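Taking it in order: structure first as structure tokens, then the write-up.
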Amino acid sequence: DMKKTVLITGASSGIGEACARIYAQSGYDLVITGRRRESIEALAKELEEKHGISVRTAVFDIRCRKSCEEFTKELTEDGIVPDIFVNNAGLARGKDPIQEGSIDDWEEMIDTNVKGLLYVSRGILNAMYTKGTGHVINIGSIAGYQVYPGGNVYNATKFAVRALSDAMNLDLINSKIRVTCIEPGAANTEFSIVRFHGNSEMADDVYKGYTPLTASDIAQIIYFVTGLPEHINIQHLLVTPTAQRSSAYVNKSGLN
Ligand code: NDP
Ligand code: 8X3
């Protein structure tokens, strides 16, 4: 049938969830993933009932290579090749200077943001390439352009996402597949709560004194990008709150 499918990793909160909502509202079928089963299943049920679409769920840890391989294999065996693939699952852990950093935090970021993204991409991009069409959205970050104090390993993972996005564009040249790296600045999601290991005071401080981006702002931008005519390929899109002009320069005076 003509129904289009969007695969979104990390749809249990934040940007991924907002993407699920905007595409569901527009009649797309969804495949959504994350580790938090309850959130993923509740979102699937809500969107199916509200919009009459079908939502497939998969609950797994993107750091597990075997789970990612099983997920992509089962999906393609069932004949599902996403028209839009949003590589979103990711996180920051800690903001310590490199000489004091937690190696566990570093490994979690590298395993999730770089290796996990690659594990899912391997199978899905192969299926998309065979089909010949589709749109890949990688969620990079302003942190992938500009290093900030304490950002170190998170920055490195997002520099890697930017490089991999360029690599995908090159390697998929013999197809119609478009690849876009969306690179947000500060967006108020669960990102900072996760980064500061549940310390909500530290998390709230990140967004004080200005209007940050919302998950829905980013979802609207992604929706716009994927709706452009097929001959237009937005390779990178860097978007910040008006108060933020680079990764470390945010006007927190309340002006914006
Ligand atoms: P959230 O913490 O709200 O969402 C992160 C999502 O990623 C959750 O759905 C989470 O699901 C999923 N995820 C994290 N780790 C894993 C894992 N090991 N396996 C499977 N899923 C995982 O934050 P955001 O929405 O802000 O983050 C989404 C993306 O946007 C990330 O890549 C982040 O780096 C990027 N980004 C965020 C910015 C911001 O300021 N918020 C700015 C620029 C980029 P679950 O916990 O259920 O596994
Ligand atoms: C998240 C934005 O600037 O806190 O990628 O790293 S930042």
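Identify, from the list I15, I53, the residue that is aliphatic (A, V, I, L, M) and within 16 Å of ligand 2 (Cβ to nearest atom). Don't jump to the end; show me each part of the working.
On the way: I53 fails: within 16 Å of ligand 2 (Cβ to nearest atom).
Selected residue: I15, the only one of I15, I53 that is aliphatic (A, V, I, L, M) and within 16 Å of ligand 2 (Cβ to nearest atom).
Within 16 Å of ligand 2 (Cβ to nearest atom) and touching a Leu at 6+ places or on another chain (Cβ under 9 Å): which single residue out of I182, I177, I193, I234 fits that description? Please lay out each step first, then the result.
Values: I177 fails: within 16 Å of ligand 2 (Cβ to nearest atom); I193 fails: touching a Leu at 6+ places or on another chain (Cβ under 9 Å); I234 fails: within 16 Å of ligand 2 (Cβ to nearest atom).
Selected residue: I182, the only one of I182, I177, I193, I234 that is within 16 Å of ligand 2 (Cβ to nearest atom) and touching a Leu at 6+ places or on another chain (Cβ under 9 Å).
For region 169-209, give me each residue that is open to solvent by 20 Å² or more (accessible area, probe 1.4 Å), within 22 Å of I221 (Cβ to Cβ) and hydroxyl-bearing (S, T, Y).
Scanning region 169-209 gives T189, Y207.
Restricting to region 120-141, name every residue that is within 14 Å of the chain's Cα centre (by Cα) and surrounded by fewer than 22 Cβ atoms within 10 Å (Cβ to Cβ). Talk me through it step by step, then tell me what you get.
First, the residues of region 120-141 that are within 14 Å of the chain's Cα centre (by Cα): 120-121, 135-141.
S121 - this is the single residue of region 120-141 that is within 14 Å of the chain's Cα centre (by Cα) and surrounded by fewer than 22 Cβ atoms within 10 Å (Cβ to Cβ).
Could you grab me the full set of residues in region 143-157 that are open to solvent by 10 Å² or more (accessible area, probe 1.4 Å) and under 21 Å from I234 (Cα atoms)?
Looking only at region 143-157, we keep the residues that are open to solvent by 10 Å² or more (accessible area, probe 1.4 Å), and these are 145-150, 152-154, 156.
Listed by number, the residues that qualify are Y145, Q146.
Restricting attention to region 178-216, which residues are within 18 Å of G150 (Cα to Cα) and polar (S, T, N, Q)?
Across region 178-216, the qualifying residues are S192, N199.
Pick from region 48-79 the residues that are in a loop (DSSP other than H, G, I, E, B) and among the hydrophobic types (A, V, I, L, M, F, W, C): which of them is most open to solvent (accessible area, probe 1.4 Å)?
Here is the first cut: in region 48-79, the ones in a loop (DSSP other than H, G, I, E, B) are 52-54, 60-64, 78-79.
Now drop any that are not among the hydrophobic types (A, V, I, L, M, F, W, C), which leaves 53, 60, 62, 64.
Values: I53: 12, F60: 30, I62: 17, C64: 51 Å².
Across region 48-79, the extreme among qualifying residues is C64.
Within region 1-28, which residues are part of a loop (DSSP other than H, G, I, E, B) and of a type in the set (S, T, N, Q)? Walk me through how you get there before you give the answer.
Residues of region 1-28 that are part of a loop (DSSP other than H, G, I, E, B), as a first pass: 1-4, 9-13, 26-28.
The answer is T9, S12, S13, S26.
If only one of P82, P97 is touching a residue at least 40 places away in the same chain (Cβ under 8 Å) and either open to solvent by less than 20 Å² (accessible area, probe 1.4 Å) or under 18 Å from the mean Cα position of the chain (by Cα) (or both), which one is it?
Matching residue, one of P82, P97: P82.
Among (1) open to solvent by less than 10 Å² (accessible area, probe 1.4 Å); (2) within 8 Å of ligand 1 (Cβ to nearest atom); (3) within 15 Å of the chain's Cα centre (by Cα), there is one condition I40 misses while meeting the rest; what is its number?
Just one mismatch for I40, condition (3).
Taking region 239-256 as the region of interest, how many residues are of a type in the set (A, V, I, L, M, F, W, C) and surrounded by 15 or more Cβ atoms within 10 Å (Cβ to Cβ)?
Here is the first cut: in region 239-256, the residues of a type in the set (A, V, I, L, M, F, W, C) are 239, 243, 248, 250, 255.
From what's left, surrounded by 15 or more Cβ atoms within 10 Å (Cβ to Cβ): 239, 243, 250.
Result for region 239-256: 3.
The values are calculated or read from the model by the stated rules, or taken from the named source; none is laboratory data. Because the structure is predicted, anything quoted here is derived from the model rather than measured. Glycine also receives a Cβ, built like all others from the backbone with ideal geometry; neighbour counts cover every protein chain displayed. Heads up: the accessible areas ignore ligands, DNA and RNA and are worked out on the full protein's heavy atoms, side chains in. Shrake-Rupley method; radii C 1.70, N 1.55, O 1.52, S 1.80 Å.
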